[in-house]
Amino acid sequence: MKSEAVRLLKTLEHPCGYFDERVAQNLVIDPLASDQPQIYALALPRGYRRAGGHIYRPACPRCRACTPSRIPVASFAPDRSQRRCLARNDDLEVSLEPASASDEAYALYQRYLQQRHPGGGMDDADPEDFSRFLVCPWSPTRFLCFRAGGRLVAVAVTDVMREGLSSVYTFYDPEEAARGLGTYAILSQVALARREGLSHVYLGYWIDGHAKMGYKSRFHPLEVLRGQRWERIDGAMPGRGA
């Protein structure tokens, strides 16, 4: 990509999805800029994420809680609980497929939102909402699909890039919650990154002390971006991250 300036846009303040009493604001790379895939590749290790066709990172006026996080693939080893999760899901068929708003994937997405996030504003998503959120025409997105006896039980929406994998979103059958499919999806993404010779799996934003998404701190070691440096948190404990 030729060296050129890229405009950064700032969203209006909006309610924070993690803290009821706070407001949030994002920096968004101009969605009309050319070479979006190359911009995304450069932005990912700098703490940006993708949502739909937008590349963004939090830039809240009075809060810096959201910290970019990633798993260094070469150093990661599953703990006892994660090894049990791997064994529990050993019967699943795992396949990497093109990102597609298929009827099968959309029906699973609907069931997940309606039962796991009722009243959250997304539980009545229509097929267009599904596509806008998860399927982006310029992005290197794949669906890591998990099937039990041919039935789709989980999808990990994954951007496959030379910098690593970016875990965008995971949805699964609520009736299969006992399997720990969210954890299994990340373990599967780590395995995929190893097979592809990729160095990291990017997990999105970690929030110290926030219990809602503390699962990220259970993947050891975890690296977080502080300023311009990625730092390893070897002692991260459950419940200390998000």
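All of the numbers you see were taken from the coordinates with simple rules; none came from a lab. Note that the structure is a prediction, hence the values are computed from the model and not measured. So basically every Cβ, Gly included, is an ideal-geometry build from the backbone, and we count neighbours across all protein chains shown.
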*Would you tally the net charge around R22, using a Cβ to Cβ cut-off of less than 11 Å, leaving R22 out, and scoring K and R as +1, D and E as -1?*
-2
*Going 7 Å from the Cα of W230 in the Cα-to-Cβ direction, what parts of the stretch 165-190 have a backbone nitrogen less than 11 Å from that spot?*
165
*Net charge near E163, counting Lys/Arg +1 and Asp/Glu -1 over other residues with Cβ under 14 Å of its Cβ?*
+2
*Could you please state, rounded to a whole Å, how far the C-alpha centre of the stretch 28-95 is from the C-alpha centre of the stretch 155-176?*
9 Å
*Kindly identify the chain as rounded, prolate or oblate by the Cα gyration tensor criterion: order the square roots of the eigenvalues as a ≥ b ≥ c, call it rounded if a/c is under 1.5, otherwise compare a/b with b/c, prolate if a/b is larger, else oblate.*
rounded
*Can you pull out the cysteines in the chain that have no other Cys Cβ under 4.7 Å?*
C16, C66, C85, C136, C145
*Compute the signed sum of charges (Lys and Arg +1, Asp and Glu -1) over the other residues within less than 12 Å, Cβ to Cβ, of S139.*
+2
*Rounded if a/c under 1.5, otherwise prolate or oblate - the stretch 132-199, Cα gyration tensor axes*: oblate
*Relative contact order, percent, of the chain when contacts are C-alpha pairs under 8 Å separated by at least 6 residues?*
21 percent
_Going by amide H atoms built from the backbone, whose H comes under 5 Å of the H on I233, apart from near neighbours?_
L222, E223, V224
